[in-house]
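Below is one structure; the comments refer to it alone.
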Amino acid sequence: MKIYKLVKIDSEELVSIQCDKCKKNYDDVLEILEFHHISFIAGFGSVWGDGDKISGDLCQHCLKEFAGTFLKVEEYL
């Protein structure tokens, strides 16, 4: 026979996120879902610095402004 007890677990909930470019805070779940997190380790001879960790959070508006002319957009549905 299995016997269980109820265990309370504390957890964190994301309530807002700030864009690293425009510094605007977003608390709307639809805007949060469209955030893009960039994270990578720079390689040898990189302009970022050898082995440095690069990361940032961009809202969809800043990503489009920043890289929209370089990215391909294909209709999905």
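The values are calculated or read from the model by the stated rules, or taken from the named source; none is laboratory data. Source: prediction; values computed, not measured. Glycine also receives a Cβ, built like all others from the backbone with ideal geometry; neighbour counts cover every protein chain displayed. Note: accessible area is taken over every heavy atom of the protein model, side chains too, but ligands, DNA and RNA are not part of it. Shrake-Rupley method; radii C 1.70, N 1.55, O 1.52, S 1.80 Å.
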### Message
Out of the total accessible area of the chain (probe 1.4 Å, heavy atoms of protein only), what percent is carbon and sulfur?
### Response
57 percent
### Query
Averaged per residue, what accessible area in Å² does the chain show with a 1.4 Å probe, protein chains only?
97 Å²
### Task
Calculate, for residue 48 and residue 75, the FRET efficiency according to 1/(1 + (r/R0)^6) with r their C-beta to C-beta distance and R0 30 Å; round to the nearest 0.05.
0.30
### Message
Using Cα springs under 10 Å in a Gaussian network model of the chain, which residue among 47, 29, 15 shows the largest mean-square fluctuation?
### Response
47
#### Entry: Contact order normalised by residue count of the chain, Cα under 8 Å, 6+ apart, percent
24 percent
### Task
May I ask you to compute the full-extension gain from residue 39 to residue 3, defined as 0.36 nm times their residue separation minus their alpha-carbon distance, rounded to one decimal in nm?
8.6 nm
### Query
Looking only at chymotrypsin sites (Phe, Trp or Tyr not before Pro) in DSSP loops with at most 11 other Cβ atoms within 10 Å, what is the longest site-free stretch of the chain?
5-43
### Summary
Highest GNM mean-square fluctuation among 24, 64, 53, for the chain with Cα springs under 10 Å, belongs to 53
### About the Cα centre, charge dipole magnitude for the chain (Lys/Arg +1, Asp/Glu -1 at Cβ), debye
320 debye
### Query
Based on the alpha-carbon gyration tensor of the chain, what equivalent-ellipsoid semi-axes (square roots of 5 times the eigenvalues) come out, in whole Å, largest first?
34, 22, 15
